[in-house]
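The block underneath contains the structure these notes are about, expressed in structure tokens.
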Amino acid sequence: MSQGDNAQALKNGALIAFPTETVYGLGGDASNEKAVARIYEVKGRPQDHPLILHIASIDDIGYWTEEISEYAMALARSFWPGPMTLIFKRSENAKDFVTGGQNTVGLRVPDHTLALGLLQECKKIGVNAIAAPSANRFGHVSPTTAAAVREEISTYLSVQDLILDGGPAQVGLESTIIDCTGDSPKILRPGAITQEMIEEATGMQVSKDINPDIRVSGSLEKHYAPNAQILLDVQASAGQGFIAPSEVATPQGAIRLASPSNTDEYARTLYSALRDGDSQGLTTIAVIQPSGDGLAIAIRDRLMRASKGR
Ligand code: TXA
Ligand code: MG
């Protein structure tokens with residue numbers, strides 16, 4: 001099917017799982033209440049957790065938002081298309097059914113030709129955003145390949161729904177989420193757009209206040225979890241899975257699942273390594289975490305949550 005056909009299917013209420021540079025998303029027309037309800041059903045996700053709206057370009061911010069601060073525009077100009085979600089005060093076009101009843105809306109322009117092509121075709125026929133959470137069941141590891149999407153959700157999809165294959169995700173971890181509703185930007189979920197990059201682009205310090213009104217399911221303690229139990233920063237015993245930077249040798253009898261030689265590669269391969277452990281039926285995976293700042297912070301954030309189990 002052409003991207004035009006895919007866009008038409010979305011407009012008719014189908015769900016389309018699609019690749020982005022971060023992870024695969026499970027998309028539906030953000031203005032179609034029934035389609036959005038099906039996203040929640042397929043994911044098994046509670047209704048009060050908001051979805052990210054994927055838009056074709058910076059020009060589409062205004063349709064969904066009430067107020068856009070200068071620093072938010074600076075972020076959008078610097079990092080879109082890219083692995084960054086911005087939270088704004090919503091306009092009346094962003095309905096409760098997609099924002100989880102919050103008065104804010106999360107927007108992102110993904111950096112993937114298939115996703116952008118689909119978004120552009122959608123826009124031509126009046127679909128102004130694709131609402132899409134990561135295409136996994138609630139609480140599980142996000143999918144970074146089309147095969148992982150099929151494994152997670154294909155049994156919950158209907159005949160009209162589609163899964164697009166755009167190869168393995170290039171970043172491998174979910175987008176940085178930045179709250180842009182306050183006087184200065186605040187990181188709600190760390191990702192490939194780092195604190196230093198945000199401060200450089202805005203000329204502002206990132207705020208450390210906690211906003212108790214904002215709910216982010218990705219910041220729940222238990223999340224991003226495989227079936228196997230994750231042990232952090234210990235050596236694996238024989239028969240256990242092992243993920244560690246390439247310079248760390250594999251302990252005798254352990255099953256090496258990944259040996260990334262830098263932080264980018266660590267992020268890109270982590271989720272598929274966790275899935276690999278599950279498909280081999282491993283009950284325990286020991287992980288030596290990456291050190292340092294930048295993307296390593298996001299990797300440790302996800303691993304900490306994964307280690308809390310399901
Ligand atoms: O990289 C990504 O962000 C991927 C790809 C598909 O774009 N999407 C993704 O979506 O990770 P999801 O739904 O799995 O995680 C999005 C997070 C959730 O924790 C949700 O609570 C938060 O974004 N979020 C969405 N809208 C929000 C809002 N208005 N206020 C606060 N948090 C919001
Ligand atoms: Mg998710």
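Each value in this text was obtained by applying a stated rule to the coordinates, not by laboratory testing. Since this is a predicted model, take the numbers as computed values, not measurements. All Cβ positions, even for glycine, are placed from backbone atoms using ideal geometry, and neighbour counts span all protein chains on display.
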Which whole-number percent is the relative contact order of the range 1-95 (Cα, under 8 Å, 6+ apart)?
22 percent
Which cross-chain or sequence-distant (5 or more) residues have an amide H under 5 Å from the amide H of Leu188, H modelled 1.01 Å from N in plane?
Ile177, Ile178, Asp179
To the nearest 0.05, the calculated FRET efficiency linking Val248 and Thr283 through their beta-carbon distance, R0 being 25 Å, is 0.70
Output the 0 to 90 degree angle, nearest 10, between the alpha-carbon long axis of helix 70-79 and the longest principal axis computed from the alpha carbons of the chain.
60 degrees
Angle, helix 113-124 long axis vs. longest principal axis of the chain, Cα atoms, 0 to 90°, nearest 10?
20 degrees
Per-residue [θ]222 nm for the chain (sum of -39500 (n - 2.57) over DSSP H runs n ≥ 4, rounded to 500):
-9000 deg cm²/dmol
Alpha-carbon Rg with Dmax, taken over the chain, Å
18.9, 59
The rounded separation in angstrom of the Cα centers of the range 27-66 and the range 248-275 is 33 Å
Please turn the phi angles of the range 155-161 into ³J(HN,Hα) values with the Karplus equation 6.51 cos²θ - 1.76 cosθ + 1.60 (θ = phi - 60°), one per residue in order, whole Hz, x for glycine and proline.
5, 9, 8, 9, 4, 7, 7
Can you give me the orientation-averaged projected area of the convex hull built on the Cα atoms of the range 1-95, in nm²?
6.7 nm²
Which value results when the Cα radius of gyration for the range 61-205 is divided by 2.2 N^0.38 Å?
1.09
When the chain is fully extended, how far beyond the present Cα-Cα distance does Asp233 get from Gln120, taking 0.36 nm per residue of separation?
36.3 nm
With a 18 Å threshold on alpha-carbon distance, the violating pairs from Lys11/Lys124; Lys11/Lys123; Lys43/Lys89 are Lys43/Lys89
